[in-house]
1. Once you have the Cα-Cα distance between R103 and A178, take 0.36 nm times their residue separation minus that, and quote the gain in nm to one decimal.
2. What is the extension gain from L150 to R38, computed as 0.36 nm multiplied by their sequence separation minus the C-alpha to C-alpha distance, in nm to one decimal?
3. Please list 158-170, 66-78, 190-202 highest first by mean number of surrounding beta-carbon atoms within 10 Å per residue.
4. Is segment 1-144 rounded, prolate or oblate when judged by the Cα gyration tensor, a ≥ b ≥ c being the square roots of its eigenvalues, rounded requiring a/c under 1.5 and prolate requiring a/b larger than b/c?
5. Within segment 170-247, which GluC sites (Glu not before Pro) sit in a loop by DSSP and count at most 15 neighbouring Cβ atoms inside 10 Å?
6. Label points 7 Å out from Cα along the Cβ direction at V69 and Q230: separation in nm?
7. Describe numerically, in nm with one decimal, the distance between label points set 7 Å from Cα along Cα→Cβ at T136 and at A257.
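We did not get these values from a lab; they are worked out from the coordinates using the rules stated. In this text, all values refer to a predicted model and were calculated from it rather than measured experimentally. For neighbour counting, all protein chains shown are included, and Cβ atoms are generated from backbone atoms with ideal geometry for every residue, glycine included.
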Amino acid sequence: MIELEGVPELIDPVMVAAFEGWNDAGDAASTAVAHLDREWKGEVFAALDAEDYYDFQVNRPTVWLDGGVRKITWPTTRLSVVRVGGEKPRDLVLVRGIEPSMRWRSFCNELLAFAHELGVELVVILGALLGDTPHTRPVPVSGVTSDPDLARTMDLEETKYEGPTGIVGILQEACTHAGVPAVSLWAAVPHYVSQPPNPKATLALLNRLEDLIDVRIPLGELPEDARAWQVGVDQLAAEDSEVAEYVQSLEEARDTAELPEASGEAIAREFERYLRRRDGGGPAAGGHATADGSDGTSYLRDAPGGRTRPPKPPKPEPEPEADGPADGPVDGPVDEGSDDSSED
């Protein structure tokens, strides 16, 4: 039995989770939850026992000085709560941690126990993957769920993905089996500039979350950081003609695929979103998830002197898809042989 001392009764609570590691290309997802925690001054009320879920040779603890006293911070997953004010206040339960090294089913069950105890109505899991998307265009964010009814009511995609998965996919399936509505939001990060941070992808995830749960999220300096990031990548890409040519091919493919979306309805939807926000006021080792479920480490490269620049990727054959994942984000379940009857 989980005892949550000091946590007030929550109003229409939504759990928002993100995990560093394979599900977090460009640190976009974990940075989004960190932004929510910082802007709304979240108060940590629980932390999972690091000894149960983490290999400390993979995720090492850190030592630091507090007034001359040495202390240790252990890698773990922490839960905090924030209250969103306004005409219709609601609470968010923020889950921020690292993809566990072991005992994933127990890890998910522990988070679900907190969700049940707190009366959580919806779980939203943020993720980011590497994709064939140009940095010069809006970041594609896919909203997916395993629940067909939820897909219809919230205008989401019902996931059909099959292949390797991470803790985002496992937690979503655990929620589905437990009868807890769950949604995953995936941002596609350009694979040729995958090094963190990626404020543009973080901003895209927060914008989509804002629409999904109908809250006004203070963005702070993120819009300016996103513009500065794009200018910086533009400058790096301009230094290499092959990279510039490759980016142009991605742009052309993306624009062609999205041409039907430039409808009056789509434009009206974006304008309503703009007005709503205006009226509201003021990596772990092992690479990252990719569209095909493979490891994305081959795209990472640091230039001499510590400056990051895009590598020279080979020209794709055939031409890459415009919207990144062809079969949906990396969020489906995996049959690992040792799963019990509670999983697919």
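1. Working: separation 75, 0.36 × 75 = 27.00 nm, distance 1.77 nm.
Going from the current span to full extension adds 25.2 nm.
2. Values: separation 112, 0.36 × 112 = 40.32 nm, distance 2.99 nm.
The L150-R38 span can extend by a further 37.3 nm.
3. Result, highest mean first: 190-202, 158-170, 66-78.
4. Numbers: a/c = 1.44, a/b = 1.04, b/c = 1.39.
Since a/c stays below 1.5, the shape of segment 1-144 is classed as rounded.
5. E221, E239
6. Simple spin-label model gives 4.8 nm for this pair.
7. Going from the T136 label point to the A257 one covers 1.7 nm.
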